[in-house]
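The values are calculated or read from the model by the stated rules, or taken from the named source; none is laboratory data. Please read all numbers here as calculations on a predicted model, not as lab measurements. Every residue, glycine as well, gets a Cβ built from its backbone with ideal geometry; the counts of neighbours run over all protein chains shown.
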Amino acid sequence: MSPQDVSCVVDFWEGYVLIPFGKTADGVTFWKDMCAVEAMMIGGATLPCDWIEVCSQERCAWKRGSDKGEIIGRWNQNKLDLKA
């Protein structure tokens with residue numbers, strides 16, 4: 001996704017009362033209720049995010065402390081619709 005795409009996604013989820021960013025006591029911005037991950041160039045979260053694990057080899061991310069689970073991508077994203 002481009003930075004503009006990420007901004008649109010953040011705006012969308014803010015509309016559902018998720019808080020995208022927080023700030024540490026020393027002013028560092030971090031991801032709070034959501035996290036943008038860029039696997040190709042950055043190899044991880046675009047801002048600090050202590051609740052995300054990233055595997056740049058498989059280009060996937062998941063909640064830290066939980067199992068990775070099945071990777072959902074463009075090739076099988078319709079599986080998400082079936083689970084809803």
All but one of (1) more than 22 Å from R64 (Cα to Cα); (2) in contact with a Phe, Trp or Tyr (Cβ under 8 Å, 6 or more places away or on another chain) hold for D26, so report the exception by its number. (2)
For the range 1-44, give me each residue that is at pLDDT 90 or above and in a strand (DSSP E or B). F21, G22, K23, T29, F30, W31
Per-region count, the range 59-74, residues assigned to a loop (DSSP other than H, G, I, E, B) and surrounded by 13 or more Cβ atoms within 10 Å (Cβ to Cβ): 3
